[in-house]
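S.K.: Can you keep this structure in mind? I'll have questions shortly.
The values are calculated or read from the model by the stated rules, or taken from the named source; none is laboratory data. Since this is a predicted model, take the numbers as computed values, not measurements. Here the Cβ positions follow ideal geometry from the backbone for every residue, glycine too, while neighbour counts run over all protein chains shown.
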Amino acid sequence: MRVNNLYILLIALLFQVSLDAQNLDEAILFSKAGYSFPYEVNHPFQSWELSKKLLEISGLGYVDEDHLACVQDEKGNIYIFSLNSGDIESEIDFGDDGDYEGIEIVDDDAWVLKSNGDLYRVKHFMDDTKSKLKKYETPLSRKNEPEGIAYDPLTQTLLLPCKGHPFMESKEGKNTKAVYLFDLNTKTLKDEPEFLIDLDTLKTIKNYNTMARLGLALLSSIDESRGDVTFQPSGIAVHPHTGDIYIIGAVGNMLLVLDREGALQAVVELRSMLFLQPEGICFSPSGDLFIANEGKDQKATILQFRMN
């Protein structure tokens, strides 16, 4: 058996919960005193199955009440998804093929993140974009493996969580994941992470026993480039009402809620029977939550959740 296949098998065994043990009403693993998580993530308000073009959907952005913007792992395209028809309404070719991992809409512009840390600004993205593309290189690299992008209107920054190593220079930090800020006024990335996610805290919240912790260590040793697989961010969004920061992880199948200072507010389990591989997240201005799931043997999906 090849290493990649062994890795996939072990991670599936570690995180998969048997169907008869899944209680759909017990998704909240942790909630800070006084905080109430405002969604029932095991009961979507609406869902859509996606076409083959979005089988590897990797990012989600809110356009308007009828449309979402999507990117996928391999193509330099923005796909405009209609919430009314449940299909791709148009495709915007903005660049070469590559590993694109997130999209965010800021005013009339689309910002797209590549896994090597490059950011692409597609000005007036709903128009002809060929002459309106600008690339911004950041100090982040494939070692950091940034995944997901969110706009924070309070600080006028883009938030970039890293799936891989948390720091650009230091070799320390194997038990953390980082979120960096890209300043839209200066078009530069801040040198140090804005937030650090402590993976040991998540292990405690998940109540991993000794065998599970040994399994996590084994998975990390099989593929050191992936690091600790307790949680690896795959998408991020800022809540339009509270300003809280929502981070999903396809590895670990969790949703974390952080406050403005980066303190953990809630940890929510994303059950595999609904969230095959959560990769994209965004909010509507009214607070509706959308999560996109990459497909494998099944079709990719987008799930919508209403606030309580």
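S.K.: When segment 233-276 is examined, which residues are found to be at pLDDT 95 or above, within 23 Å of TYR208 (Cβ to Cβ) and out of contact with any Leu (no Cβ under 9 Å at 6 or more places or on another chain)?
M.R.: SER234, ALA263
S.K.: Keeping to segment 234-252, report how many residues are farther than 25 Å from ILE105 by Cβ and in contact with a Phe, Trp or Tyr (Cβ under 6 Å, 6 or more places away or on another chain).
M.R.: Taking segment 234-252 first, the residues farther than 25 Å from ILE105 by Cβ are 251-252.
Pick out the ones that are also in contact with a Phe, Trp or Tyr (Cβ under 6 Å, 6 or more places away or on another chain) and you get 252.
Of the residues in segment 234-252, 1 are farther than 25 Å from ILE105 by Cβ and in contact with a Phe, Trp or Tyr (Cβ under 6 Å, 6 or more places away or on another chain).
S.K.: Restricting segment 108-136 to residues that are within 21 Å of the chain's Cα centre (by Cα) and part of a loop (DSSP other than H, G, I, E, B), which is farthest from PRO285 (Cα to Cα)?
M.R.: Pass one, segment 108-136, residues within 21 Å of the chain's Cα centre (by Cα): 109-122, 136.
In the following step, the residues that additionally are part of a loop (DSSP other than H, G, I, E, B) were identified as 115-118.
On the way: SER115: 28, ASN116: 30, GLY117: 28, ASP118: 27 Å.
For segment 108-136, the residue satisfying everything is ASN116.
S.K.: Given the structure, is LEU133 among the aliphatic types (A, V, I, L, M) and modelled with pLDDT of 95 or more? If you could, list the steps in order and put the result at the bottom.
M.R.: Working: among the aliphatic types (A, V, I, L, M): yes; modelled with pLDDT of 95 or more: no.
When the stated conditions are applied, LEU133 does not pass them.
For every residue, the table says whether it meets (1) touching a helix residue (DSSP H, G or I) at 6+ places or on another chain (Cβ under 8 Å); (2) charged (D, E, K, R).
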site: GLU65; (1), (2): no, yes
site: VAL71; (1), (2): no, no
site: TYR79; (1), (2): yes, no
site: SER85; (1), (2): no, no
site: ILE88; (1), (2): yes, no
site: ASP97; (1), (2): no, yes
site: TYR100; (1), (2): no, no
site: VAL106; (1), (2): no, no
site: LEU113; (1), (2): no, no
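S.K.: Related question: Do the conditions hold for TYR39, that is, is it surrounded by 19 or more Cβ atoms within 10 Å (Cβ to Cβ), at pLDDT 95 or above and assigned to a loop (DSSP other than H, G, I, E, B)? Even if it seems obvious, please write down each step before you answer.
M.R.: Values: surrounded by 19 or more Cβ atoms within 10 Å (Cβ to Cβ): yes; at pLDDT 95 or above: yes; assigned to a loop (DSSP other than H, G, I, E, B): yes.
The answer is yes for TYR39.
S.K.: Here is a follow-up. I'm checking my understanding of the structure. Among residues of segment 90-115 that are within 24 Å of MET168 (Cβ to Cβ) and in contact with a Pro (Cβ under 9 Å, 6 or more places away or on another chain), which one is modelled with the lowest pLDDT?
M.R.: Among those residues, the one meeting the criterion is SER115.
S.K.: Report, by residue number, each residue of segment 170-198 that is within 16 Å of ARG260 (Cβ to Cβ) and polar (S, T, N, Q).
M.R.: Listed by number, the list is empty, since nothing qualifies.
S.K.: Could you please find all residues in segment 149-169 being among the hydrophobic types (A, V, I, L, M, F, W, C) and either closer than 23 Å to CYS70 by Cβ or surrounded by fewer than 16 Cβ atoms within 10 Å (Cβ to Cβ) (or both)? Can you show your working first?
M.R.: Here is the first cut: in segment 149-169, the ones among the hydrophobic types (A, V, I, L, M, F, W, C) are 149-150, 154, 158-160, 162, 167-168.
Residues satisfying the conditions are ILE149, ALA150, LEU154, LEU158, LEU159, LEU160, CYS162.
S.K.: Can you find even one residue in segment 140-148 that is among the acidic types (Asp, Glu), buried (at least 21 other Cβ atoms within 10 Å of the Cβ) and assigned to a loop (DSSP other than H, G, I, E, B)? Steps first, please.
M.R.: First pass over segment 140-148, keeping only residues among the acidic types (Asp, Glu): 145, 147.
So of that shortlist, the ones also buried (at least 21 other Cβ atoms within 10 Å of the Cβ) come out as 145, 147.
Checking the rest, the ones that are also assigned to a loop (DSSP other than H, G, I, E, B) come to 145, 147.
For segment 140-148, residues among the acidic types (Asp, Glu), buried (at least 21 other Cβ atoms within 10 Å of the Cβ) and assigned to a loop (DSSP other than H, G, I, E, B): present.
S.K.: Filter segment 270-301 down to the residues that are in contact with a helix residue (DSSP H, G or I) (Cβ under 9 Å, 6 or more places away or on another chain) and over 19 Å from PRO161 (Cα atoms), then identify the one that is surrounded by the fewest Cβ atoms within 10 Å (Cβ to Cβ). Step through it out loud before you land on a result.
M.R.: Taking segment 270-301 as the starting set, the residues that turn out to be in contact with a helix residue (DSSP H, G or I) (Cβ under 9 Å, 6 or more places away or on another chain) are 272-273, 292, 294-295, 299-300.
Those left that are additionally over 19 Å from PRO161 (Cα atoms): 272-273, 295, 299-300.
Values: SER272: 17, MET273: 11, GLY295: 17, LYS299: 15, ALA300: 26.
Within segment 270-301, the match that is surrounded by the fewest Cβ atoms within 10 Å (Cβ to Cβ) is MET273.
S.K.: Would you check if there is a residue in segment 137-160 being in contact with a helix residue (DSSP H, G or I) (Cβ under 9 Å, 6 or more places away or on another chain) and farther than 27 Å from ILE92 by Cα?
M.R.: The answer is yes, given that some residue of segment 137-160 is in contact with a helix residue (DSSP H, G or I) (Cβ under 9 Å, 6 or more places away or on another chain) and farther than 27 Å from ILE92 by Cα.
S.K.: May I pose another question? Does ASP118 count as at pLDDT 95 or above and among the charged types (D, E, K, R)? First the steps, then the outcome.
M.R.: Details: at pLDDT 95 or above: yes; among the charged types (D, E, K, R): yes.
Against the criterion (at pLDDT 95 or above and among the charged types (D, E, K, R)), ASP118 qualifies.
S.K.: Considering only residues of segment 170-204 that are in a loop (DSSP other than H, G, I, E, B) and among the acidic types (Asp, Glu), which is surrounded by the most Cβ atoms within 10 Å (Cβ to Cβ)? Quick ask: steps written out before the conclusion?
M.R.: Applying the first criterion (in a loop (DSSP other than H, G, I, E, B)) to segment 170-204 yields 170-175, 184-187, 190-194.
Add one more test, that the residue is among the acidic types (Asp, Glu), and what stays is 172, 191-192, 194.
Numbers: GLU172: 10, ASP191: 9, GLU192: 11, GLU194: 17.
By that ranking, first place goes to GLU194.
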